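S.K.: Have a look at the structure that comes next, please.
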Amino acid sequence: MTNAAFTPRVFSGIQPSGGLTLGNYLGALKRFVDMQEVGKYECVYCLVDLHAITVWQDPADLRANTRELAAFFIASGIDPERSILFNQSQVPAHSQLAWIFNTVARMGWMGRMTQWKDKAGKNSENASLGLFAYPALMAADILLYHATHVPVGDDQKQHLELTRDVAAKFNHDYGVDFFPITEPVIEGPATRVMSLRDGTKKMSKSDPSDMSRINMSDDADTIAQKFRKARTDPEPLPGTYEELKDRPSARNLVDIFAALSERSHADVVAEVEGMQWGTFKPLLADLAVEKLSPISSEMTRLMADTGEIDRILGKGAERASEIAEPILKKTYEIVGLVQSS
């Protein structure tokens, strides 16, 4: 069976760990909205709160961050009527399928995950079992909906490869063609947004310098100031994008401009060839304020009524369960688990 036999369906999720940045918007949310607007996929988007608790979370912060993330999805353009938006813990089938996949995935596969090595570090003996098994839960998140496509950043490609391995091994072990071999979707001019202070490092909420990132909570003046002070180099903008290959900080700003303006790198570079950074950075700042301020304002409005956010997430969980439960039930039958009639 090929993926053509499955309903074209997108699944992706973000952890509600707070500190939303421009990287979250351009690297994830904008792409999610684009896939919703294409109209060729059923889109399932998840706030992966069970992944968040693989490291300790303050319960009050986790609840607040989950609602804030939901507001971010909606304010960025995700329509809860056209797409399915929910938080993971409201659909128990995620955890149930994850246990099945814990018996399919191999210890060696998990141990090779670079994210496990990075997060556990030298203190792996004290890391949670959940952190080690994180990729099996991610595989369950995706395959529970028979997702055929997953928009991912570079840092998640390895986990998606493991999802494909789990699907293939399950199908092989049980002699079925039940789970799709999910395809990654890695595209766009700014799928990996870098620090404004160091173009070789990813933009991160954990960077000690607030000037390194654009927070989705930043006001217009702060956004403008951060872009005007962003690190570049002394050379003017070149005539081709390829000439930015060894100029990471400069390339990062061009990437951000291209993504926010929804234009190709080539078009942007052709327009600004020879421009000095003192001219280009204010243009970028104005564009960022124009695109991001409405999202921040809408997030603030939505967060004023968390009851409405909870209602949206609850309805989304019901819709998600309608897809997930039959797939979980069939998985149990394939494995040989006895179910009540």
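The values are calculated or read from the model by the stated rules, or taken from the named source; none is laboratory data. Predicted, not measured: the structure shown is a model, and the values here were computed from it. Ideal geometry is used to build each Cβ from the backbone, glycine not excepted, and the neighbour counts take in all protein chains shown.
S.K.: Quick one: is LYS157 in a helix (DSSP H, G or I), outside the structural domain of ALA285 (by TED's automatic domain parsing), surrounded by fewer than 17 Cβ atoms within 10 Å (Cβ to Cβ) and modelled with pLDDT of 95 or more? Steps first, please.
M.R.: Details: in a helix (DSSP H, G or I): yes; outside the structural domain of ALA285 (by TED's automatic domain parsing): yes; surrounded by fewer than 17 Cβ atoms within 10 Å (Cβ to Cβ): yes; modelled with pLDDT of 95 or more: no.
Answer is no for this residue.
S.K.: Same structure, new question: In contact (Cβ under 8 Å) with a residue 40 or more places away in the chain, among the aromatic types (Phe, Trp, Tyr) and touching a Gly at 6+ places or on another chain (Cβ under 9 Å), is that true of PHE86?
M.R.: On the way: in contact (Cβ under 8 Å) with a residue 40 or more places away in the chain: yes; among the aromatic types (Phe, Trp, Tyr): yes; touching a Gly at 6+ places or on another chain (Cβ under 9 Å): yes.
When the stated conditions are applied, PHE86 passes them.
S.K.: Working only within the stretch 1-48, note down all residues that are small (Gly, Ala, Ser) and more than 30 Å from VAL176 (Cβ to Cβ). Spell out how you get there, then give the answer.
M.R.: Keep residues of the stretch 1-48 that are small (Gly, Ala, Ser), which gives 4-5, 12-13, 17-19, 23, 27-28, 39.
SER17, GLY18, GLY19, GLY23, GLY27, ALA28, GLY39 - these are the residues of the stretch 1-48 that are small (Gly, Ala, Ser) and more than 30 Å from VAL176 (Cβ to Cβ).
S.K.: Then there's this: Across the stretch 65-108, what is the number of residues that are of a type outside the set (S, T, N, Q) and part of a helix (DSSP H, G or I)? Can you show your working first?
M.R.: Taking the stretch 65-108 as the starting set, the residues that turn out to be of a type outside the set (S, T, N, Q) are 67-75, 77-82, 84-86, 91-94, 97-101, 104-108.
Pick out the ones that are also part of a helix (DSSP H, G or I) and you get 67-75, 93-94, 97-101, 107-108.
The qualifying residues number 18.
Yes/no matrix, rows are residues, columns are (1) loosely packed, with under 14 Cβ neighbours inside 10 Å; (2) assigned by TED's automatic domain parsing to the domain that holds GLY13; (3) in contact with a Gly (Cβ under 7 Å, 6 or more places away or on another chain); (4) closer than 30 Å to SER83 by Cβ:
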{"site": "ALA258", "(1), (2), (3), (4)": "no, no, no, yes"}
{"site": "GLU273", "(1), (2), (3), (4)": "yes, no, yes, no"}
{"site": "GLN276", "(1), (2), (3), (4)": "yes, no, no, no"}
{"site": "GLU290", "(1), (2), (3), (4)": "yes, no, no, yes"}
{"site": "LEU313", "(1), (2), (3), (4)": "no, yes, no, yes"}
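S.K.: OK, next. Select, from THR114, THR163, the only residue that is free of Cβ contacts under 8 Å to residues at least 40 places away in the same chain, among the β-branched types (Val, Ile, Thr) and not assigned by TED's automatic domain parsing to the domain that holds GLU262.
M.R.: Numbers: THR114 fails: free of Cβ contacts under 8 Å to residues at least 40 places away in the same chain.
One residue alone meets the criteria, THR163.
S.K.: Quick one: which of ASP198, ASP210 is more than 29 Å from SER264 (Cβ to Cβ) and not basic (Lys, Arg)? Give the derivation first.
M.R.: Values: ASP198 fails: more than 29 Å from SER264 (Cβ to Cβ).
Every option except ASP210 fails the conditions.
S.K.: Just to be sure before I move on: is GLY175 on the phi > 0 side of the Ramachandran plot and either surrounded by 17 or more Cβ atoms within 10 Å (Cβ to Cβ) or without any contact (Cβ under 8 Å) to a residue 60 or more places away in the chain (or both) in the structure I sent?
M.R.: Values: on the phi > 0 side of the Ramachandran plot: yes; either surrounded by 17 or more Cβ atoms within 10 Å (Cβ to Cβ) or without any contact (Cβ under 8 Å) to a residue 60 or more places away in the chain (or both): yes.
In short, yes.
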